[in-house]
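Novice: Here's a structure for you.
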């Protein structure tokens, strides 16, 4: 069957998920589209490998994935690099209790400060300190380099296609 004009030619190699798929086809030929098992299996294994590599790098620099998420969220929010705890936990997808613990830890390290919210005396704002900003700014090039290395087996075109497909899939599952 000829390939579609916009399809990317991808070298085919066998992996563990091919075995899983073939076993299901042999054992349950009545099931249709068992390829989805392999797709989910590959995604899960890939996420595991990526998370381990990134977590190891972050650990070498003295922080966790959650610490990085909070520091990076504050940094990319722009000056004055501060958000409410609610804005933070919605951005990094933590529960409010988990966010409180995370902020406590980051404050203890001197990477963030809690400030009184001038607009609402019942809540605080979380501000990235100069120490926290320096830390995240120094770490980001190495983090980005690792992410580039981890996806280097895909061409730039393939990376754009994969990103587009994942964006479409995620948008169908997760509202903004």
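The values are calculated or read from the model by the stated rules, or taken from the named source; none is laboratory data. If you're wondering where the values come from, they're calculated on a predicted model, not measured in any experiment. Because the Cβ atoms are built from the backbone with ideal geometry, glycine has one as well, and the counts that use them run over all protein chains shown.
Novice: Quick check on this structure: which one of 95, 86 is loosely packed, with under 11 Cβ neighbours inside 10 Å and at pLDDT below 90?
Specialist: On the way: 86 fails: loosely packed, with under 11 Cβ neighbours inside 10 Å.
Going through 95, 86 in turn, the sole match is 95.
Novice: Checking residue 1 against (1) more than 25 Å from residue 160 (Cα to Cα); (2) at pLDDT below 90; (3) surrounded by 11 or more Cβ atoms within 10 Å (Cβ to Cβ), which single condition isn't satisfied?
Specialist: The one condition residue 1 does not meet is (3).
Novice: With respect to the numbered conditions (1) within 20 Å of the chain's Cα centre (by Cα); (2) part of a helix (DSSP H, G or I); (3) surrounded by 15 or more Cβ atoms within 10 Å (Cβ to Cβ), which one is the sole condition not fulfilled by residue 63?
Specialist: Against the list (1) within 20 Å of the chain's Cα centre (by Cα); (2) part of a helix (DSSP H, G or I); (3) surrounded by 15 or more Cβ atoms within 10 Å (Cβ to Cβ), residue 63 comes up short only on (2).
Novice: Here's something else I'd like to know. Can you name the helices (runs of 4 or more DSSP H) wholly within segment 75-176 that have at least 3 residues being in contact (Cβ under 8 Å) with a residue 40 or more places away in the chain and in contact with a strand residue (DSSP E or B) (Cβ under 8 Å, 6 or more places away or on another chain)?
Specialist: Working: elements: 85-92, 96-109, 130-150, 156-173.
Result: empty, no element qualifies.
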